[in-house]
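Undergrad: One structure, as structure tokens, below. Some questions next.
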Amino acid sequence: MSLHATAKSTTSAAVDLGRGLTLKSPVLLASGTVSYGEEVSQLCDLSKIGGLVTKAISLESRIGNPPQRIAETPSGVLNAIGLANVGLERFIAEKIPFLRQLNTAVIVNIAGRSIDDYGEVVSRLDGIEGLHGYEINLSCPNVKDECMIMGVSREATFEIVSQLRKITPRHLMIKLTPNVTSISSIALAAEEAGADSVSLINTVVGMAINYKTRRPLLKNITGGLSGPAIKPIALAKVWEVYNAVKIPVVGMGGIAGFEDAMEFFLAGSQAIQIGTMNFVYPDIGEKVATAIEQFFSAPEAPPFSEYCGGLVTG
């Protein structure tokens, strides 16, 4: 099985995800793990990676959920941040000037309370230069009665993507939750509505308890589990979606190094996002991107376009 025709690659590991979103490397830094790029840029050469996905932006600023809202677990992290962010106005005034200076793709993650909220944010950002696409967050498990509700409904997913497609000519990447009965059904709805790519998986709903105090470790009780613990789940979901849709798949979930990234490519990812491990090794994106480039630049290496989705199952 080869790379879908909609994603073009060069002789190295660069990839075109469509509608103007071309990545010099298939490595992206995932939303929520590198804020708006300023801090990580001092520790990682962002020009070596494919792009940065910003922390989620909503129409109004949000303080998020009350603490405690992060808890470490074996091979992972539970978080219930609750989409805390500076809001659209401050993002435009304070964050975009820095993002414009980056020699890499900038993808803005967008969250909302309603379809109108998503549409307003996209509409306001669409006239601003220096942005290369949007990742539409329909899958946050830590915010009740908002984007998570949209992300588990095929009909709601189709409606919101359809509306956003009418607003913007820029790349629309739809972030999918694994906390559904059929993730491929949601992915198909996004594709049918005009999405250019899908990214998956977002965090898995989890919980941790202090048995001595008899209390949950998170004030929110449950949160989103990320990190190496969820990699097998993520790989299975990427494989499922890759075999269901024709648009590019951007894989994430537990990637901790070069070998993990290569597994995601074989499962069908045309690009990957590194999340939780940014907290452990802030330069991991640069290192993984360099290793990937070296692998596919070797004379004996297969073309990147043939490697992606090239899992041998027989």
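The values are calculated or read from the model by the stated rules, or taken from the named source; none is laboratory data. Since we're looking at a predicted model, the values are computed, not measured. Positions of Cβ are generated from backbone atoms using ideal geometry, with glycine treated the same way; all protein chains shown enter the neighbour counts.
Undergrad: Residues being assigned to a loop (DSSP other than H, G, I, E, B) and surrounded by fewer than 20 Cβ atoms within 10 Å (Cβ to Cβ): count how many of those fall in the stretch 249-286.
TA: The total comes to 7.
Undergrad: May I pose another question? Could you check the stretch 9-63 and list, in sequence order, the residues that are over 26 Å from M262 (Cβ atoms), crowded, with 20+ Cβ neighbours inside 10 Å and among the hydrophobic types (A, V, I, L, M, F, W, C)?
TA: A56, I57, L59
Undergrad: Residue by residue through the stretch 287-314, note down the ones that are small (G, A, S) and surrounded by 14 or more Cβ atoms within 10 Å (Cβ to Cβ).
TA: If the condition is that a residue be small (G, A, S) and surrounded by 14 or more Cβ atoms within 10 Å (Cβ to Cβ), then A289, A291, A301, S305, G309, G310 are the ones that fit.
Undergrad: Then there's this: Within the stretch 221-244, identify whether any single residue is outside any helix (DSSP H, G or I), in contact (Cβ under 8 Å) with a residue 12 or more places away in the chain, in contact with a Gly (Cβ under 8 Å, 6 or more places away or on another chain) and more than 19 Å from I81 (Cβ to Cβ), and answer yes or no.
TA: Among the residues of the stretch 221-244, at least one is outside any helix (DSSP H, G or I), in contact (Cβ under 8 Å) with a residue 12 or more places away in the chain, in contact with a Gly (Cβ under 8 Å, 6 or more places away or on another chain) and more than 19 Å from I81 (Cβ to Cβ), which makes the answer yes.
Undergrad: What number of residues within the stretch 81-116 are polar (S, T, N, Q) and either in contact with a helix residue (DSSP H, G or I) (Cβ under 8 Å, 6 or more places away or on another chain) or closer than 15 Å to I63 by Cα (or both)?
TA: 3
Undergrad: Anything in the stretch 83-117 that is over 14 Å from S35 (Cα atoms), under 17 Å from the mean Cα position of the chain (by Cα) and either modelled with pLDDT under 95 or among the aliphatic types (A, V, I, L, M) (or both)? List them, or say none.
TA: A105, A111, G112
Undergrad: On to the next question. Is at least one residue of the stretch 287-299 assigned to a loop (DSSP other than H, G, I, E, B), within 30 Å of L188 (Cβ to Cβ) and either within 17 Å of the chain's Cα centre (by Cα) or of a type in the set (A, V, I, L, M) (or both)?
TA: Checking the stretch 287-299: not a single residue is assigned to a loop (DSSP other than H, G, I, E, B), within 30 Å of L188 (Cβ to Cβ) and either within 17 Å of the chain's Cα centre (by Cα) or of a type in the set (A, V, I, L, M) (or both).
Undergrad: Could we say that S25 is part of a loop (DSSP other than H, G, I, E, B), in contact with a helix residue (DSSP H, G or I) (Cβ under 7 Å, 6 or more places away or on another chain), closer than 26 Å to V198 by Cβ and among the polar types (S, T, N, Q) here?
TA: In short, yes.
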